[in-house]
Amino acid sequence: MARIAGVNIPTQKRVVIALTYITGIGPAKAKEITTKVGIPAERRVSQLTDAEVVRIREVIDQDYTVEGDLRRETAMNIKRLMDLGCYRGLRHRKGLPVRGQRTHTNARTRKGPAKAIAGKKKTV
């Protein structure tokens, strides 16, 4: 099992698909990485040599922000918005949708499970 950027990538999958298991690398970036390293698209992870794995690791370290660094950067961006007190920061702080979605009926993902209101009866 190959370990790249602190993630064990599956050995039976194609390299392009397996690289998407790393946070911060999607299908487009995975294809870009394999072309930079010079690995054919149909090659499986189990067929990679140690040198190829090292080259993939080096390309990712040099050119891409992935895993912990990416999570830290995102968290710092959100914290900066909250410290500024801008509208987006306030929405993050309150746990409400940030990008203008309606909250009257939807937004359960951000707001959490519905809370019952005392004295309100359901209408049939």
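General remarks:
- Sulfur and carbon atoms: percent of accessible area, the chain [1.4 Å]: 53
- Net charge, MET76 excluded, C-beta distance under 12 Å - Lys, Arg +1, Asp, Glu -1: +1
- Relative contact order for the chain, counting Cα pairs under 8 Å that sit 6 or more residues apart, in percent: 18
- Computed over Cα pairs, the Kirkwood radius of segment 61-124 leads via Stokes-Einstein (0.692 mPa s, 37 °C) to a diffusion coefficient of 224 µm² per second.
- Expected 222 nm ellipticity per residue - DSSP helices of 4 or more, -39500 (n - 2.57), all of the chain, to 500: -14000 deg cm²/dmol
- Straight-line cross-link reach from LYS94 at under 15 Å between alpha-carbon atoms covers these aspartates and glutamates, not counting any fewer than eight positions away in the same chain: ASP83.
- Accessible area per residue in Å² at 1.4 Å probe, computed on the chain: 73
The values are calculated or read from the model by the stated rules, or taken from the named source; none is laboratory data. Treat the numbers as computed from the prediction; the structure is a model and nothing was measured. Note that we place each Cβ from the backbone using ideal geometry, even for glycine, and neighbour counts take in every protein chain shown. These accessible areas exclude ligands, DNA and RNA; they are computed on the full protein's heavy atoms, side chains included. Shrake-Rupley method; radii C 1.70, N 1.55, O 1.52, S 1.80 Å.
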